[in-house]
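Worksheet: one structure, shown below.
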Amino acid sequence: MELNSEEITRRMAGHRPLLLPLGGGTQAAVAFILRGTAQGAEGLFILRANRQGDPWSGNVGLPGGRVEPEDCSLRETAERESREEVGVNLPRKAYLGRLSDIVGANLPVQVACFVYLVSGELPMLLSEEVTEAFWVPLGSLTIPERRIIAQIRFCQKTITTPAIILPQSDKPLLWGITYRLVSEFLEIMG
């Protein structure tokens with residue numbers, strides 16, 4: 001799958017996400033930041049730092065986090081978290097749309113995902129919550145051999161779940177909420 005910026009913009013403009021009413025669990029929002037390259041579109045992922053009490057420690061994810069009282073909207077949460085975690089200030093014109101809301105399968109969290117398309121280099125300044133930020137070619141996420149069913153250790157139990165082997169061999173598997181969001185995005189892209 002080779003996606004260019006125009007095709008991503010067009011397909012996101014036609015997407016109508018399923019938005020859930022705010023539930024009783026934790027509310028969170030993430031940013032799926034994309035950029036176009038000569039080889040096709042790439043998505044920005046983060047490797048979460050290992051932190052006591054954080055169930056997502058050491059996992060691959062998207063910049064984002066919990067809604068704070070000062071956030072006026074879920075989108076504002078995603079943009080604030082992007083600034084805090086990776087030092088990226090997302091311009092208004094970069095916003096493409098929203099994916100469907102997701103409820104966690106293993107923890108009571110409801111996540112909203114906002115999609116952005118940036119151009120050029122994106123200087124980053126990582127917070128202590130993030131070990132690494134890296135770009136992944138979106139086409140590599142659609143290769144059937146990279147899609148597996150994995151045994152993942154999460155919250156002191158082992159779960160069986162779909163996952164993606166990233167092209168960077170030193171990275172953990174992409175699974176869970178991030179996997180579900182990325183899968184919806186790739187489905188929208190055809």
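Set side by side, the residues Ala78, Ala29 differ, and just one is in contact with a Cys (Cβ under 8 Å, 6 or more places away or on another chain) and assigned to a helix (DSSP H, G or I), which is Ala78. Hey, could you check the range 65-82 for residues that are touching a residue at least 24 places away in the same chain (Cβ under 8 Å) and hydroxyl-bearing (Ser, Thr, Tyr) and say which is surrounded by the fewest Cβ atoms within 10 Å (Cβ to Cβ)? Ranking the candidates gives Thr77 first.
Checking every residue in the range 164-178 against the condition of being without any contact (Cβ under 8 Å) to a residue 40 or more places away in the chain, of a type in the set (Lys, Arg) and on the phi < 0 side of the Ramachandran plot gives zero matches.
The set of residues in the range 144-174 being over 12 Å from Asn59 (Cα atoms), in a loop (DSSP other than H, G, I, E, B) and at pLDDT 90 or above consists of Ile165, Leu166, Pro167, Gln168, Ser169, Asp170.
Residues of the range 1-36 that are within 19 Å of the chain's Cα centre (by Cα) and without any contact (Cβ under 8 Å) to a residue 12 or more places away in the chain: Arg16 alone. Here Trp135 fulfils each of the conditions (1) outside any strand (DSSP E or B); (2) surrounded by fewer than 19 Cβ atoms within 10 Å (Cβ to Cβ); (3) out of contact with any Pro (no Cβ under 8 Å at 6 or more places or on another chain) apart from (1).
The C-beta contact set for the range 100-112 (first residue of a type in the set (Gly, Ala, Ser), second residue loosely packed, with under 14 Cβ neighbours inside 10 Å, distance under 8 angstrom, 6+ apart or interchain) comprises Ser100/Leu18; Ser100/Leu19; Gly104/Gly25; Ala112/Leu19. Annotation: of all residues in the range 129-152 being within 16 Å of the chain's Cα centre (by Cα) and among the charged types (D, E, K, R), the one that is nearest to Gly190 (Cα to Cα) is Glu132. Of the residues making up the range 147-156, none is among the aromatic types (Phe, Trp, Tyr) and touching a strand residue (DSSP E or B) at 6+ places or on another chain (Cβ under 7 Å).
Okay, residues lined up against (1) under 24 Å from Gly139 (Cα atoms); (2) in a helix (DSSP H, G or I):
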site	(1), (2)
Gly36	yes, no
Leu44	yes, no
Ser57	no, no
Cys72	no, no
Glu84	no, yes
Leu90	yes, no
Lys93	no, yes
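Restricting the range 105-128 to residues that are over 18 Å from Ile33 (Cα atoms) and either more than 14 Å from the chain's Cα centre (by Cα) or hydrophobic (A, V, I, L, M, F, W, C) (or both) leaves a set whose member that is surrounded by the fewest Cβ atoms within 10 Å (Cβ to Cβ) is Glu128. The requirement of being charged (D, E, K, R), within 26 Å of Ile165 (Cα to Cα) and within 16 Å of the chain's Cα centre (by Cα) is not satisfied by Arg80. Residues that are in contact with a Gly (Cβ under 9 Å, 6 or more places away or on another chain) and more than 17 Å from Leu44 (Cβ to Cβ) were ranked within the range 160-190; the one that is surrounded by the most Cβ atoms within 10 Å (Cβ to Cβ) is Gly176.
The values are calculated or read from the model by the stated rules, or taken from the named source; none is laboratory data. A quick note: this is a predicted structure, and the numbers were derived from the prediction, not measured. Neighbour counts are summed over all protein chains in view; Cβ atoms, including those assigned to glycine, are modelled from backbone coordinates with ideal geometry.
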